[in-house]
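S.K.: Once you've had a glance at the structure underneath, I'll fire off some questions.
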Amino acid sequence: MKLPDNIYTQVNTLICKTVTENLIAKNVLDDYIREKRFNSTIRNALTDYFFKALRFYGLFSSGHDIENDETITELIAKTKYNENFPSKIIGVNNFVSKKIFENLDKDTFLSFLQRAPLTIRVNSLKTTREYLKVKYPFFENTGISPFGLYTTKHTNLRQLDEFKKGFFEIQDEASQLIYFLVNPKHSEKILDMCAGTGGKTLSLLSTGLSPDIYAYDISFNRLKVLEKRVRLNKFNIKLLKKLSGRYNKVLIDAPCSGSGSIRRDVDVLLRLNEEKLNNFIANQRELFDKAYHLTEKGGFVIYVTCSFFKEENEKQVEYFLNNYNIKLVEVSTLFDNHMKKSLQAKTYYKTNPLLSNMDGFFGAVFKIL
């Protein structure tokens, strides 16, 4: 639907403010919707317009009609793909524009500008994909993850009883597959050292295996959220106030640029600059050093980012191999034949929307020698 003119004026101002002041788009929009108390029809149309304008902020800020898909397609086709292309289309600064061009070909870059499906990971200890598909026919099986369902329908999944009961988690398919990189075994001591609110932590116990899971995060608030989710699912996960001990496996879901998640967090690259990227890289190296010293000899460190920048991925792997007594494990040995073929998996775990309709994730597994 077309929004009323007064709402367009207000929202366009909010969009520009979000970018110029480096604000988090979701928070800005949530505050605006809460203040105005729009009905669901206007709210959905407003949300679509707001995030589409940010997704194509380069075109929006140049005065183009971003609501017209044909206009966007025509402008993209006319624009030469070079280091300035991302800036012209999505409005990132020159540094980020060059980095995108260095890391992605045109078709792959454009795949990140499509809307992502809404994907969930089913908690197989409480229900099945079949049960949820019967109850909610808008769900379909994910193509690779055996735990996933997805939908392109507008719906507030957090309001469903099954979500409140812990029957499923909202989690992209690429993130779900990290379970296979960790490859949990019975009685193993596994540390998730950047646990956040626990999406990946919980997944390690959702298939009936019983490893000993430990979770740590620098943010106490995120750990408090995880604590509630642990109680809801009655999982035996130990929350750590400080890093200590020795583990068979350590998972680093490293803080990163988030470039691989721009289908969902469309504004993340608008807030990125060279200094921030360098800080992410330095922090990733510090985290790996801690993980290395927390892992037993013969154990494994699993390094994961939601980035497509080589500086946070392949180049970090080179740095780790050159500075630690470790060897790289071929991730193809951790996947079944369907997964290997679908993901074209060899040395690393790499996904993108063009290849697999997933967010951009990277993963590498190291054995401690």
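Just so you know, all these numbers are worked out from the coordinates, no wet-lab data involved. Just so it is clear, the model here is predicted, and its values are computed rather than measured. Methodologically, a virtual Cβ is constructed for each residue, glycine included, from the backbone with ideal geometry; neighbour enumeration extends over all protein chains shown.
S.K.: With an 8 Å cut-off on Cα pairs and a minimum separation of 6 or more residues, tell me the relative contact order of region 174-368 in percent. Each step should come with its number before you reach the end.
M.R.: Numbers: 363 pairs, mean separation 42.1, N = 195.
This gives 22 percent for region 174-368.
S.K.: Roughly what percent of Cα-Cα pairs across region 5-111 reach past 20 Å?
M.R.: Values: 2459 of 5671 pairs.
For region 5-111, the share of Cα pairs beyond 20 Å comes to 43 percent.
S.K.: First select every other residue whose beta carbon is under 15 angstrom from the beta carbon of residue 191; then total the charges, Lys and Arg +1, Asp and Glu -1.
M.R.: Here the count lands on +2.
S.K.: Here's another thing I want to ask about it. If you place +1 on the Cβ of every Lys and Arg, -1 on the Cβ of every Asp and Glu, and leave all else neutral, what size is the dipole of the chain about its Cα centre, to the nearest 20 Debye?
M.R.: Details: 54 positive and 42 negative charges, 248 e Å.
Taking the Cα centre of the chain as origin, the dipole is about 1200 debye.
S.K.: I've got another one for you. Rounded to two decimals, what is Rg over Rh for the chain when you use alpha-carbon atoms and the Kirkwood radius? Mind dumping the intermediate values first?
M.R.: On the way: Rg = 21.1 Å, Rh = 21.8 Å.
Result: Rg/Rh = 0.97.
S.K.: May I ask you to evaluate 6.51 cos²θ - 1.76 cosθ + 1.60, the Karplus curve with θ = phi - 60°, for each residue of region 286-299 and list the ³J(HN,Hα) values in order in whole Hz, giving x for glycine and proline?
M.R.: Here the 3J(HN,Hα) series is 5, 5, 5, 4, 5, 4, 4, 7, 9, 9, 5, 4, x, x Hz.
S.K.: Simple spin-label model, 7 Å along Cα-to-Cβ: residue 187 to residue 80 in nm?
M.R.: 6.5
S.K.: Sticking with this structure for a sec: Considering the alpha-carbon set of region 63-140 alone, what are its Rg and its Dmax in angstrom?
M.R.: Here Rg and the maximum Cα pair distance are 18.8, 51 Å.
S.K.: Before rounding to the nearest 500, sum -39500 (n - 2.57) across all DSSP H runs of length at least 4 in the chain and divide by the residue total; then give [θ] at 222 nm in deg cm²/dmol.
M.R.: Mean residue ellipticity at 222 nm (helix-derived): -12500 deg cm²/dmol.
S.K.: Work out the length of the dipole vector of region 5-111 about its Cα centre, built from +1 on the beta-carbon of each Lys and Arg and -1 on the beta-carbon of each Asp and Glu, and round it to the nearest 20 debye. Mind showing how you got there, number by number?
M.R.: Details: 14 positive and 15 negative charges, 54 e Å.
The calculation lands at about 260 debye.
S.K.: Output the pairs from 189/350; 2/164; 78/98; 165/276 with a Cα-Cα distance over 28 Å in this structure; if there are none, say none. Working shown, then result.
M.R.: Values: 189/350 26 Å; 2/164 34 Å; 78/98 19 Å; 165/276 38 Å.
Pairs exceeding 28 Å: 2/164; 165/276.
S.K.: Using a simple charge model, +1 on the beta-carbon of Lys and Arg, -1 on the beta-carbon of Asp and Glu, nothing else, what dipole does region 118-173 show about its Cα centre, in debye to the nearest 20? Walk me through the numbers before you get to the answer.
M.R.: Details: 9 positive and 7 negative charges, 41 e Å.
Dipole of region 118-173, to the nearest 20 debye: 200 debye.
S.K.: Please report, in Å, the Rg and the Dmax of region 174-368, where both are computed over Cα atoms only.
M.R.: Taking only Cα atoms of region 174-368, I get Rg and Dmax of 16.0, 44 Å.
S.K.: Work out Dmax and Rg for region 89-186 from the C-alpha atoms and quote the Rg first, both in angstrom.
M.R.: Final numbers for Rg and Dmax: 17.1, 49 Å.
S.K.: Hey, what do the phi angles of region 136-148 turn into as Karplus ³J(HN,Hα) couplings, whole Hz, using 6.51/-1.76/1.60 and θ = phi - 60°, x for Gly and Pro?
M.R.: 10, x, 6, 7, 10, 5, 5, x, 10, 5, x, 9, x
S.K.: Okay, next question. Taking every pair of alpha-carbon atoms in region 258-310, give the share separated by more than 14 Å as a whole percent. Before the final figure, lay out each step's value.
M.R.: On the way: 858 of 1378 pairs.
Considering region 258-310, 62 percent of its Cα-Cα pairs are separated by more than 14 Å.
S.K.: Can I ask one more? Which listed residue (202, 148, 352) has the Cα farthest towards the positive end of the charge dipole for the chain, taking +1 on Lys and Arg C-beta and -1 on Asp and Glu C-beta about the Cα centre?
M.R.: About the Cα centre, the residue reaching furthest to the positive side is 202.
S.K.: How big is the gap, in Å, between the Cα center of region 104-144 and the Cα center of region 8-54?
M.R.: 25
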